[in-house]
Amino acid sequence: MARYRIAAIGGDGIGPEVVGEALRVLDVVADVLGFGCGVERFPWGCGYYESHGHMMPGDAIELLSRFDAIYLGAVGMPSVVPEEVALRGVVLAIRFGFDQFANVRPVKPLAGAPYPLARPDASEIDFVVVREATEGMYLGLGGRYPADAPEVAEIAGLRAVFGRSRELAVQTGVYSEAGCRRIMERAFRLAEERGRLGQVTSATKANAMGHGMTLWNDVFDEVARGHRDVKAEWQNVDALAMRFVARPETLDVVVAPNLFGDILTDLSASLLGGLGFAPSANLTDGHWPSMFEPCHGSAPDIAGQGIANPTAALLTLAMMLEDLGEEAAARAVEAGVRKVVAEGRVRTPDMGGAASTAEMGEAVAEAAAGLAAQG
Ligand code: NAI
Ligand code: MG
């Protein structure tokens with residue numbers, strides 16, 4: 001009997017609410033299919049910060065390194081902990097700590113979910129965004145400086161308005177050749193495996209970001225030459241954002257730098273029916289545990305009411321099970337979610353219903369258990 005060690009971090013707001021449902025479904029499916037999961041929960045996040053002064057203990061990365069996978073809800077409580085402290089203290093610390101460079105976000109609308117477009121038909125949309133998640137603009141390099149600080153002496157002269165400013169902030173994006181290469185290789189391999197359009201679209205912006213994005217483009221051309229079976233194309237991120245809405249059916253795999261991928265995937269979440277439907281995985285090269293987390297945040301506006309949609313978290317669970325090699329379980333969970341959403345009997349408020357997070361979780365647990373038992 002396989003036994004996986006799973007570290008569960010509920011986090012803040014709706015995080016623990018949706019994680020609770022995912023663990024409920026995991027329990028049921030593991031039981032039916034006969035594999036074991038040792039789940040350990042960690043109480044890290046903004047509440048932990050209030051009593052300890054930091055979001056996670058100093059040895060958190062070491063503790064987590066003993067697990068096969070990390071399952072995270074969401075962190076952030078802007079009224080309690082500054083935004084830049086909260087996200088960096090957990091999500092980015094784990095992504096960077098385990099070099100989880102591949103943030104994989106599938107965009108495949110579920111029948112029955114709210115769908116905002118007149119065309120194309122939701123069933124025509126099936127693409128995946130592969131976002132670089134360890135470098136680029138989210139590295140955290142730079143600083144805030146008085147305009148007369150020696151660190152910004154050269155920069156302050158660049159524009160008249162800089163010279164009239166009290167303060168300058170510098171946010172440095174770093175793009176590495178090997179970092180671009182590994183995320184692009186991952187994207188091309190995924191396009192080959194998916195066998196849908198056999199296409200990778202690179203999100204770029206070399207016309208305005210002539211250093212980072214020309215390196216990105218050069219590596220993309222090189223990697224593309226190693227995968228002649230896949231159609232490689234690039235598009236500037238602004239135009240690509242429009243295509244996400246106007247012609248999403250023409251996308252297959254999209255590879256994007258960190259910042260662009262973050263923004264594009266909240267946009268693509270709306271094609272799925274909202275953030276309550278968008279799953280996500282942060283994958284390593286296999287040496288360290290990967291982390292699985294829905295795309296959404298802690299949703300303070302609906303936290304504590306038990307009305308969050310757990311669909312994103314449950315589809316995220318399916319991604320974790322697939323990564324662990326439990327394919328039958330992954331299929332049962334995904335199919336269970338699809339069944340419940342398509343039937344439309346149990347719908348959370350974001351779907352126009354009145355069901356609770358737990359009712360939705362229970363319905364999926366029952367459906368997934370039934371499907372798992374059928375094999
Ligand atoms: P958010 O994703 O928490 O919420 C945006 C909107 O979507 C809200 O109206 C919310 O109610 C709705 N929503 C999100 N998930 C939902 C669900 N499962 N069911 C129903 N509705 C849902 O983004 P927001 O408001 O920008 O951020 C809130 C906090 O979360 C901030 O502190 C932010 O930094 C943090 N955050 C954390 C992330 C993480 O831990 N990975 C990712 C994104 C934001
Ligand atoms: Mg985001």
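The values are calculated or read from the model by the stated rules, or taken from the named source; none is laboratory data. The shown structure was predicted, so the numbers you read here are calculated from the model rather than taken from an experiment. Ideal geometry is used to build each Cβ from the backbone, glycine not excepted, and the neighbour counts take in all protein chains shown. Just so you know, the surface numbers come from the protein's heavy atoms only, side chains and all, with ligands and any DNA or RNA stripped out. Shrake-Rupley method; radii C 1.70, N 1.55, O 1.52, S 1.80 Å.
Counting only residues that are in contact (Cβ under 8 Å) with a residue 60 or more places away in the chain and either crowded, with 19+ Cβ neighbours inside 10 Å or touching a Pro at 6+ places or on another chain (Cβ under 7 Å) (or both), give me the strands (runs of 3 or more DSSP E) lying completely in the stretch 109-204 with at least 2 of them. I'd like the intermediate steps shown before the answer.
Details: elements: 127-132, 136-146, 167-174, 199-204.
Filter on the stretch 109-204 gives 127-132, 136-146.
Hey, can you tell me all the residues within the stretch 292-314 that are away from ligand 2 (no atom under 14 Å from the Cβ) and buried (at least 24 other Cβ atoms within 10 Å of the Cβ)?
We begin by selecting, within the stretch 292-314, every residue away from ligand 2 (no atom under 14 Å from the Cβ); these are 292, 300-311, 313-314.
Within the stretch 292-314, Phe292, Ala308, Asn309, Pro310, Thr311, Ala313, Leu314 qualify.
Checking Asp323 against (1) open to solvent by 30 Å² or more (accessible area, probe 1.4 Å); (2) within 13 Å of ligand 1 (Cβ to nearest atom); (3) within 30 Å of Met184 (Cβ to Cβ); (4) touching a Ser or Thr at 6+ places or on another chain (Cβ under 7 Å): exactly one of these is not met. Which one?
(2)
Condition first: part of a loop (DSSP other than H, G, I, E, B) and either of a type in the set (Asp, Glu) or open to solvent by less than 20 Å² (accessible area, probe 1.4 Å) (or both). Can you find one or more residues in the stretch 15-34 that meet it?
Within the stretch 15-34, the first condition is being part of a loop (DSSP other than H, G, I, E, B), and the residues that meet it are 34.
So of that shortlist, the ones also either of a type in the set (Asp, Glu) or open to solvent by less than 20 Å² (accessible area, probe 1.4 Å) (or both) come out as none.
No, because not a single residue in the stretch 15-34 is part of a loop (DSSP other than H, G, I, E, B) and either of a type in the set (Asp, Glu) or open to solvent by less than 20 Å² (accessible area, probe 1.4 Å) (or both).
Taking into account only those residues within the stretch 326-349 that are among the basic types (Lys, Arg) and not in a helix (DSSP H, G or I), which is surrounded by the most Cβ atoms within 10 Å (Cβ to Cβ)? Talk me through it step by step, then tell me what you get.
Applying the first criterion (among the basic types (Lys, Arg)) to the stretch 326-349 yields 331, 338-339, 345, 347.
Those still in the list that are not in a helix (DSSP H, G or I) too: 345, 347.
Details: Arg345: 10, Arg347: 21.
Among those residues, the one meeting the criterion is Arg347.
Out of the residues in the stretch 247-278 that are surrounded by fewer than 21 Cβ atoms within 10 Å (Cβ to Cβ) and farther than 19 Å from Leu110 by Cα, which is farthest from ligand 1 (Cβ to nearest atom)?
Of everything passing the filter in the stretch 247-278, Leu259 is farthest from ligand 1 (Cβ to nearest atom).
Tell me, which residue of the stretch 67-92 that is in contact (Cβ under 8 Å) with a residue 40 or more places away in the chain and in a helix (DSSP H, G or I) is nearest to ligand 2 (Cβ to nearest atom)? If you could, list the steps in order and put the result at the bottom.
Initial filter on the stretch 67-92 (in contact (Cβ under 8 Å) with a residue 40 or more places away in the chain): 67-79, 86, 88-92.
If we keep only those that are in a helix (DSSP H, G or I) as well, we get 86, 88-92.
Details: Ala86: 13, Arg88: 14, Gly89: 16, Val90: 14, Val91: 9, Leu92: 11 Å.
Looking at the filtered set, the residue picked out is Val91.
Tell me, which residue of the stretch 260-281 that is under 12 Å from the mean Cα position of the chain (by Cα) and among the aliphatic types (A, V, I, L, M) is farthest from ligand 2 (Cβ to nearest atom)?
By that ranking, first place goes to Ala281.
Tell me whether the stretch 280-302 contains one or more residues that are among the acidic types (Asp, Glu), without any contact (Cβ under 8 Å) to a residue 40 or more places away in the chain and within 16 Å of ligand 1 (Cβ to nearest atom).
Yes, some residue in the stretch 280-302 is among the acidic types (Asp, Glu), without any contact (Cβ under 8 Å) to a residue 40 or more places away in the chain and within 16 Å of ligand 1 (Cβ to nearest atom).
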